[in-house]
Amino acid sequence: MTEESNEVADIADRYFAAHAAADENAMRALLADDFSGRTTAMGGMDLSADILVMGAKWEAESLDIRLEDIRRNYWATGFVQQCAIRGTAPSGDEIDIATCMVAEVIDGQFTRMDEYVAMPEPTSDS
């Protein structure tokens, strides 16, 4: 990796650790003032620092989840990450969601984050 992509890798690691810990201050420190993003989760919605922090806090309080099978490719100003979100929902149901994130990192902060989520098809067990 180049020096620039090493820096991006460090920023990505720090962000995902802060998100997992629902550390609002650390998350906000890694998000640029003009941060923007989009997710396909929940029917699709724009992302802001407030929404990311709120989501991290809800996940920490409500879900037992972790990122697995993480694969990242870096370049000087960003990365793409593919992974699986796995764990257990409050209902006891297993969670296994494939995701892909494309992120732009400028001057040590995320400026853009686009998340593509492949939600599993609902089962008709009832």
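Worth a mention:
- There is no residue in the range 30-47 that is under 23 Å from residue 77 (Cα atoms), touching a helix residue (DSSP H, G or I) at 6+ places or on another chain (Cβ under 9 Å) and part of a helix (DSSP H, G or I).
- Condition check for residue 14 on (1) in contact (Cβ under 8 Å) with a residue 40 or more places away in the chain; (2) within 13 Å of the chain's Cα centre (by Cα): one failure, at (1).
- Meets criteria (exposed (fewer than 13 other Cβ atoms within 10 Å of the Cβ) and either polar (S, T, N, Q) or free of Cβ contacts under 8 Å to residues at least 40 places away in the same chain (or both)) for residue 92: yes
- Of all the numbered requirements in (1) among the polar types (S, T, N, Q); (2) surrounded by 17 or more Cβ atoms within 10 Å (Cβ to Cβ); (3) assigned to a loop (DSSP other than H, G, I, E, B), residue 81 misses one, and that requirement is (3).
- Considering residues of the range 98-111 that are surrounded by fewer than 18 Cβ atoms within 10 Å (Cβ to Cβ) and in contact (Cβ under 8 Å) with a residue 40 or more places away in the chain only, the residue farthest from the chain's Cα centre (by Cα): 107
- Of the numbered criteria (1) out of contact with any Asp or Glu (no Cβ under 8 Å at 6 or more places or on another chain); (2) among the polar types (S, T, N, Q); (3) surrounded by 12 or more Cβ atoms within 10 Å (Cβ to Cβ), the one residue 62 fails is (3).
- Taking first residues from the range 64-85 that are farther than 15 Å from residue 12 by Cα and partners that are outside any strand (DSSP E or B), the Cβ contacts under 8 Å between residues at least 6 apart in sequence or on separate chains come to 65/59; 66/20.
- The range 41-85, residues that are touching a Leu at 6+ places or on another chain (Cβ under 8 Å) and closer than 16 Å to residue 117 by Cα: 52, 83, 84, 85
- Scanning the range 57-70 for residues that are closer than 17 Å to residue 23 by Cβ and modelled with pLDDT of 95 or more yields one hit, 57.
- Test: residue 53 is touching a residue at least 60 places away in the same chain (Cβ under 8 Å), more than 22 Å from residue 86 (Cβ to Cβ) and among the hydrophobic types (A, V, I, L, M, F, W, C): no
The values are calculated or read from the model by the stated rules, or taken from the named source; none is laboratory data. Since the model is a prediction, treat every value here as computed from it, not as a measurement. Virtual Cβ from ideal backbone geometry, glycine too; neighbours counted across all protein chains shown.
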